[in-house]
Every structure is written in structure tokens, then in C-alpha cells.
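To keep things clear, I will list the structure first and then write my remarks on it.
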Amino acid sequence: TVGGAVRYGMLDIEGYGQAGAIIFDAGLLIELMDNLFWGSAIRNLSDSKIGQSGEQLPQTILTGLNFAPISQLNVSVDLAKDVSYPTEVRAGVEYNPIRLLYLRAGVSTEPQRMTAGFGLDFSFGGIDYGYNSHSDLGITHLFSVWFLVK
């Protein structure tokens, strides 16, 4: 499976204002065997920049494995390489206790982070919320709304 995404990234710093940019991503997913998948993606394929200064947004190459030992549980491990920083190792779990609800948690290195969140998945799209605790930057709240296009 090959796919892509269009995102809008926004930076808001109190006392300094805010700026945003459109970002394009691309990726692929291959089933290696039952319940085991390999995926790879490039985030910010468009080399988008933000603000009046034209600050370059991160470009990241990702690759990893996903294993689903039971239908309601996904376990993932991946490597992420931002072109400006060391390679990061990430691990996470996603649990789907009921049809619409997904619970998520994860950890990562370089920098050390802990994450948690949830997703609501409807037939036409969904809503996601994430909490990110960063060792240097503190807490970040992430929110997304997405729609399926068929």
C-alpha cells in the first residue's frame, strides 16, 4: 500500500506570534506475513518552511515493524532519522478495546519522550489526541482531525 498526507503545521509562541505551513508526506506499507508489517515514510517531503524567516521544518525518514498478536493490539518499533539529528528508536502500543476507541502509549530515545493518547475512528474519518512529555521541552498536546477519501 502506498499513501500520502497533507498536513498543516502551526507554531505559536506566546509573545512572538504564530505561523503555519502546508506539509506533504508519503509512505508505504508491506505485509511481510500474517500480522507482521513493515512500513517506511518520508515526512515533509515538500521541504516546507515556516514563518517570515523561512525556517525549515523537520524532514524525517522513518522505517519500522508492526506486529498484531491479537486483533485489538498493535505493537510497533521503528527508527526515525531527522536529517538534522541523531537516529531515534521508538516503541509503542495501541489497544482497541471497543470498535470506535483506540488507546495509545509509547516511548522514544534521542530525545527521551513518553507519549499517551487516544483516537476515535468513525467510518468517514476520525479524531486523535496525543500527550507528549519531552525531556527538554516539557509537555505538548497534539490534536488531529482526518477524513477518508475514497
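Exactly one condition in (1) open to solvent by 60 Å² or more (accessible area, probe 1.4 Å); (2) touching a Gly at 6+ places or on another chain (Cβ under 7 Å) is not met by Val2; state its number.
Against the list (1) open to solvent by 60 Å² or more (accessible area, probe 1.4 Å); (2) touching a Gly at 6+ places or on another chain (Cβ under 7 Å), Val2 comes up short only on (2).
Could you check, for the range 96-105, whether at least one of its residues is crowded, with 17+ Cβ neighbours inside 10 Å, in contact with a Lys or Arg (Cβ under 8 Å, 6 or more places away or on another chain) and not β-branched (Val, Ile, Thr)?
No: the range 96-105 contains no residue that is crowded, with 17+ Cβ neighbours inside 10 Å, in contact with a Lys or Arg (Cβ under 8 Å, 6 or more places away or on another chain) and not β-branched (Val, Ile, Thr).
Please verify whether the range 5-28 includes one or more residues that are closer than 19 Å to Asp78 by Cα, assigned to a strand (DSSP E or B), under 16 Å from the mean Cα position of the chain (by Cα) and of a type in the set (A, V, I, L, M).
Looking for residues that are closer than 19 Å to Asp78 by Cα, assigned to a strand (DSSP E or B), under 16 Å from the mean Cα position of the chain (by Cα) and of a type in the set (A, V, I, L, M), one finds at least one in the range 5-28, hence yes.
If you scan the range 61-95, which residues turn out to be buried (at least 17 other Cβ atoms within 10 Å of the Cβ) and either out of contact with any Leu (no Cβ under 8 Å at 6 or more places or on another chain) or over 21 Å from Phe24 (Cβ atoms) (or both)?
Within the range 61-95, Asn66, Asn74, Ser76, Glu88, Arg90, Gly92, Glu94 qualify.
Exactly one of these conditions fails for Gly130: (1) free of Cβ contacts under 8 Å to residues at least 24 places away in the same chain; (2) open to solvent by less than 60 Å² (accessible area, probe 1.4 Å). Give me its number.
(1)
When you check Val145 against the structure, is it under 19 Å from Gly92 (Cα atoms), modelled with pLDDT of 90 or more and open to solvent by 70 Å² or more (accessible area, probe 1.4 Å), yes or no?
no
Counting just the residues of the range 16-29 that are open to solvent by 60 Å² or more (accessible area, probe 1.4 Å) and without any contact (Cβ under 8 Å) to a residue 24 or more places away in the chain, which one comes out nearest to Val83 (Cα to Cα)?
Only one residue fits best here, namely Gln18.
The values are calculated or read from the model by the stated rules, or taken from the named source; none is laboratory data. Keep in mind the model is a prediction, meaning the values are calculated, not measured. Neighbour counts run over all protein chains shown; Cβ positions are idealised from the backbone, glycine included. For the accessible areas, the whole protein counts, side chains as well, though only heavy atoms, and no ligand, DNA or RNA atoms are used. Shrake-Rupley method; radii C 1.70, N 1.55, O 1.52, S 1.80 Å.
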